[in-house]
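Worksheet: the structure to be examined is printed underneath.
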Amino acid sequence: MTPVGVSTVPSTRPAAQGRSIQAYAARFFAPRLLHPGAWWAWAIGCAVVAARTTNLAILALVITVICYTVVSRRTQAPWALAFRLYVYLAILIVVLRVFFRMMFAPYGPTVILELPTLTGPGFLSAISLFGPVSAEALLGAVASALQLAAMVLAIGAANALANPKRLLAAVPGALYEWGTVVVIALSIFPQLAESLVRVGRARQLRAEAGRRRVHLIRNVAMPVLSDGLDRSLVLAGAMDSRGYGRSASMGNSGRWLTSVLLVTSSLALCVGAYGLLDTGFTPIWMGAPMIILGLMVGLVGLRLSGRRVMRTRYRPDSMKAPEWMVLATAAAACGGIIVLGMTTPEVAFPPIPPLTWPPISLFSLVVVVVLLLPALLAPKNRDGKGQNS
Amino acid sequence: MIVFDHVSVKYAPGEPEVLRDVNLRLEDGQLILVAGRTGSGKSTLLGAINGHVPHFTGGILSGRVTVDGLDTAANPPRELAHVVGVVCQDPLAGFVTDTVEEELAYGMEQLGVDPATMRTRVEETLDILGLADLRSRALRTLSGGQQQRVAIGSVLATGVRILVLDEPTSALDPVSSEEVLAALLRLVHDLGLTVIIAEHRLERVASYADRMILLDGMGSVREGETRFMMETSELVPPVVELGRIAKFEQIPLSVREARRMAGPLRELLSDKNPGDYRRIPPAQGRSSVHADMESAWGADLVASGIVVNYGVVQAVSDVSLRLPAGKITVLMGRNGSGKSSLLWALTGVQKTSGGRFSVDGVALEKQPASKVRSYIRLVPQNASDLLYLPSVEQECEAADRESGSAPGMCRTILEALAPKIDSTTHPRDLSEGQKLCLVLAIQLTARPSVILLDEPTRGLDYPAKSSLTQILSEMAAEGRAVGVVTHDVEFAAEVADQIIVMATGEVIQVGTSSQVLSTSALFAPQVAKVLYPEHWLTPYQVGEVLWEG
């Protein structure tokens with residue numbers, strides 16, 4: 001380190017260095033939309049952490065982290081506002097799970113609520129519902145419900161943080177056509193809803209011939225569907241005129257090879273998934289090795305078929321330092337929770353009973369704090385309200 | 001350069017040819033206007049330029065179409081995307097992406113333009129078309145004129161030198177269409193593009209067009225210099241008609257030209273009162289819509305304090321108006337000024353947040369749509385939304401049943417509005433004008449006292465429009481109150497007895513057509529501009545004076 005102000009010769013180095021760190025930080029934190037893949041990876045990381053623990057404290061913290069991140073980094077786009085719906089769904093999951101637990105065998109050492117036991121009549125007498133509700137049973141139900149709720153919220157968060165259409169745009173060239181189909185379907189649906197409203201209004205201008213359901217379908221569905229069909233044709237014609245589907249020619253053999261590769265890859269992935277999930281009787285090679293093989297063959301296939309695509313992308317989302325940071329937090333949290341499960345299972349999966357406060361270790365806190373980092377360090381979203389209105 | 005070499009098109013074997021033996025050579029750097037009646041094959045001709053016809057639409061094309069030396073038979077539209085850019089009627093229907101910037105880039109992405117070039121071209125296009133402020137806006141939130149400019153920009157950005165536009169301004173208000181046409185003119189004059197444009201309202205384009213292609217409806221096509229074509233054309237803008245009637249030494253194409261030649265005419269007209277002369281020719285031998293029924297309609301529609309809210313947006317704020325019986329009232333104003341919302345509120349379908357309206361002293365504001373319907377009927381903008389049966393005959397029978405009229409009533413009315421429509425035709429196969437007449441007939445079968453029409457002239461050519469003018473004035477003559485929302489100032493000049501101008505949900509001007517139209521900068525018809533400061537509105541009105549002498 002050169003001490004500043006000692007040398008009479010003006011040295012530009014320390015200043016330049018300071019500027020470059022500042023410049024780097026400015027670049028890092030410059031408001032923009034992150035690559036959608038980064039946010040999806042982070043969401044999957046959250047879901048994995050939630051899936052690998054039944055510790056109520058950790059689950060509650062993870063849910064808090066997800067909600068905080070959404071609030072601090074979401075966009076103003078319509079799909080981002082749908083996060084509320086995911087929250088409702090999560091609450092519904094918890095309520096239902098607890099209710100069912102109260103209904104079916106809520107027994108345990110610490111009874112906190114006396115409900116009458118309902119016994120089925122006659123041959124159903126073996127089945128009984130409700131009865132004394134124990135704190136242990138309820139806590140167990142809450143823990144498993146929170147796991148599911150956290151996963152649902154994680155998916156919702158990914159939707160709120162990243163534009164789903166941008167994610168589709170980031171798919172490899174070979175899948176571009178599918179991506180376009182999905183994008184168009186997404187934009188046709190609101191239009192269909194619009195014409196449904198319009199035709200419904202127009203219907204009221206003319207006396208209805210009959211109120212029967214058949215008439216309703218004919219009177220409303222017919223114009224809406226033919227409208228949708230017309231629109232789709234116009235859109236298809238416009239896309240055709242603008243060069244959609246232009247492609248460099250590719251030999252028949254090449255097309256055949258890519259098809260074989262892609263089919264093989266999907267088969268391998270199916271077998272691998274089966275092998276992983278059915279841990280009882282399948283040989284070990286049917287698990288992870290099959291998945292890896294499937295992924296690799298699939299990648300080669302996609303690369304090959306992507307080669308015939310001569311399309312380019314306008315301002316593609318790029319993976320820069322903030323994206324890698326988000327990815328790294330997701331990976332670290334996943335690794336951390338697995339290590340936690342192996343080293344201190346009593347923290348990751350605290351046994352119930354006994355009925356105690358959920359144990360917290362420093363390491364488990366670190367895992368949660370790592371997931372929180374993107375909310376604090378990732379650049380803010382650029383498309384604030386000011387720019388969109 | 002575009003060359004049509006003995007081109008004939010038909011859509012199925014055995015059907016008549018839409019285009020017959022067309023030979024054209026269209027040089028670069030021109031604005032070319034394509035005109036012809038509805039169904040005369042304008043869209044087919046435009047579609048053939050980039051191979052959309054027959055590659056996409058089907059049909060049989062014989063002969064050769066070449067664009068910059070590329071034969072469209074061998075090159076489907078996607079392979080011509082770097083040569084010809086196509087802009088369709090409804091820009092929103094052709095958009096693939098969500099935002100302005102992405103839409104501008106879409107065509108280039110398909111062509112494989114490299115990202116750096118793409119970035120510069122997007123920026124240039126944003127500036128050329130004045131879209132820079134809108135770059136990250138969602139396409140759905142733009143106004144019609146802005147959307148159409150984005151559509152033009154999105155094909156322009158791919159670097160095409162030929163633009164093909166099929167009625168690009170038909171859905172726009174006068175200001176927005178000026179904006180779109182100005183953008184196009186700039187492309188022709190500054191960048192030397194070739195622009196081929198089909199348009200029903202010739203008054204908007206005729207003065208700018210270098211050449212004109214005229215389709216006669218039988219498959220034949222004539223092409224020539226605009227002024228020369230206008231001398232013999234059956235379809236002409238009002239200013240040309242005025243030139244013919246007043247026998248100017250040369251056919252004027254623009255208001256400016258006509259005004260320079262109209263000095264003596266203005267002098268001649270200065271001591272006449274425009275109110276003494278008819279604006280449209282009297283109906284000739286047309287059977288009246290309800291000739292066989294006693295005319296029992298004579299009720300004003302009176303509305304006061306109408307408020308319509310959509311969420312936080314106030315579409316109509318405190319509007320009071322009166323549609324007098326036996327008169328035609330025209331509502332004008334830019335897109336989104338609340339005209340349509342007001343019409344829908346008056347049908348009882350759109351719920352109002354306040355205000356009262358009544359017909360013949362019967363208060364209707366709290367009534368359900370089914371009650372309001374027996375007094376007030378609306379023909380909506382998308383007239384075909386009301387049609388759902390497989391034939392014209394069934395639609396008419398359903399209308400008789402619904403309204404409790406004598407069987408055959410609807411068909412009689414339809415015959416008076418649009419003669420000789422085959423009863424077995426599917427309503428979707430009718431022309432725009434015929435569809436409008438069918439819906440109008442269905443709505444008139446219920447014998448309402450008030451009839452409202454939302455943008456009825458959309459897609460109508462001059463002859464169809466003048467028969468609509470006749471129909472409307474007959475309906476008024478029978479004592480009905482007629483309300484029309486329109487952007488078409490020439491149409492308004494012909495039919496309007498009273499004009500109401502709206503802006504931001506409020507009524508800003510009410511007056512007779514000569515008061516409002518002849519003094520307005522925006523809504524003045526061509527004749528009024530030529531003969532300013534005299535209050536003459538239509539060529540026929542001027543003709544009445546000249547012919548009497």
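Here is how the numbers come out for the structure above:
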{"read-out": "Phi-based couplings in Hz for segment B:102-109 (Karplus 6.51, -1.76, 1.60; Gly and Pro marked x)", "value": "5, 5, 5, 7, 4, x, 5, 4"}
{"read-out": "Packing-based order for B:197-210, A:132-145, using average beta carbon neighbours within 10 Å, highest first", "value": "B:197-210, A:132-145"}
{"read-out": "Unpartnered cysteines - no second Cys beta carbon under 4.7 Å - across the protein assembly as shown", "value": "A:Cys46, A:Cys67, A:Cys270, A:Cys334, B:Cys88, B:Cys437"}
{"read-out": "Exposure proxy order (Cβ contacts within 10 Å, fewest to most) of B:Phe248, A:Phe349", "value": "A:Phe349, B:Phe248"}
{"read-out": "Per-residue average of Cβ from other chains inside 10 Å of B:80-92", "value": "3"}
{"read-out": "For B:Tyr277, B:Tyr310, B:Tyr106, order by how many other beta-carbon atoms lie within 10 Å, fewest first", "value": "B:Tyr310, B:Tyr277, B:Tyr106"}
{"read-out": "Qualifying lysines (Cα of each under 28 Å from Cα of A:Lys165; at least 8 residues distant if same chain)", "value": "A:Lys320, A:Lys380, A:Lys385"}
{"read-out": "Phi to ³J(HN,Hα) by Karplus 6.51 cos²θ - 1.76 cosθ + 1.60 over segment B:338-351, Hz, x for Gly, Pro", "value": "x, 5, 5, 4, 5, 4, 5, 5, 6, 8, x, 7, 7, 6"}
{"read-out": "Shielding by partners, peptide A:228-241 (average Cβ within 10 angstrom, other chains)", "value": "6"}
{"read-out": "Cross-link reach list, lysines versus B:Lys10, counting only Cα pairs under 20 Å and skipping chain neighbours closer than eight places", "value": "B:Lys42"}
{"read-out": "Sorted peptide list for B:66-72, B:46-52, criterion being average Cβ within 10 angstrom, highest first", "value": "B:46-52, B:66-72"}
{"read-out": "At q = 0.07, 0.09, 0.10 Å⁻¹, base-10 log of I(q)/I(0) for the protein assembly as shown (Debye sum, equal scatterers on each alpha carbon)", "value": "-0.77, -1.10, -1.25"}
{"read-out": "Selection from B:Ile328, B:Asn273, A:Pro379, by position along the positive dipole direction of the protein assembly as shown (Cβ)", "value": "A:Pro379"}
{"read-out": "Alpha-carbon Rg with Dmax, taken over segment B:148-265, Å", "value": "15.5, 51"}
{"read-out": "Where N is the number of residues in segment B:308-388, Cα Rg divided by 2.2 N^0.38 Å", "value": "1.12"}
{"read-out": "Cut-off 14 Å between beta-carbons: net charge of the residues surrounding B:Gly224, Lys and Arg +1, Asp and Glu -1", "value": "-2"}
{"read-out": "Alpha carbon centroid spacing (whole Å) that separates segment B:179-218 from segment B:1-26", "value": "21 Å"}
{"read-out": "Average beta carbon contacts from partner chains per residue of A:194-204, 10 Å cutoff", "value": "5"}
{"read-out": "Whether segment B:122-184 is rounded, prolate or oblate, judged on the alpha carbon gyration tensor where a/c under 1.5 counts as rounded", "value": "oblate"}
{"read-out": "B:Gly333 long-range amide H proximity, modeled H, under 5 Å", "value": "B:Met502"}
{"read-out": "Local electrostatic count at A:Val71 - Lys and Arg +1, Asp and Glu -1, tallied over other residues with Cβ under 13 Å", "value": "+4"}
{"read-out": "Part-to-part distance (alpha-carbon centres) for segment B:433-511 and segment B:396-420, which is given in Å", "value": "20 Å"}
{"read-out": "Calculated P(r) of chain B - Cα pairs past 34 Å, %", "value": "44 percent"}
{"read-out": "Protection proxy ranking of A:109-119, B:212-222 - average other beta-carbon atoms within 10 Å, highest first", "value": "B:212-222, A:109-119"}
{"read-out": "Largest to smallest principal axis extent of the C-alpha atoms in segment B:2-148, angstrom", "value": "51, 31, 27"}
{"read-out": "Ranked list, fewest to most other Cβ atoms within 10 Å of each Cβ, for B:Trp547, A:Trp39", "value": "B:Trp547, A:Trp39"}
{"read-out": "222 nm mean residue ellipticity, helices alone, for the protein assembly as shown (DSSP H n ≥ 4; -39,500 (n - 2.57); rounded to 500)", "value": "-15000 deg cm²/dmol"}
{"read-out": "Residue-by-residue Karplus 3J(HN,Hα) for segment A:95-111, coefficients 6.51, -1.76, 1.60, Hz, glycine and proline x", "value": "4, 4, 4, 5, 4, 5, 5, 5, 6, 10, 6, x, 7, x, x, 9, 7"}
{"read-out": "Charge context of A:Arg313, other residues only, Cβ under 14 angstrom, K/R +1, D/E -1", "value": "0"}
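Only the coordinates and a few stated rules stand behind these numbers; no lab work does. Everything numeric here is computed off the predicted structure, so don't read it as measured data. Positions of Cβ are backbone-derived with ideal geometry, glycine not excepted, and every protein chain shown enters the neighbour counts.
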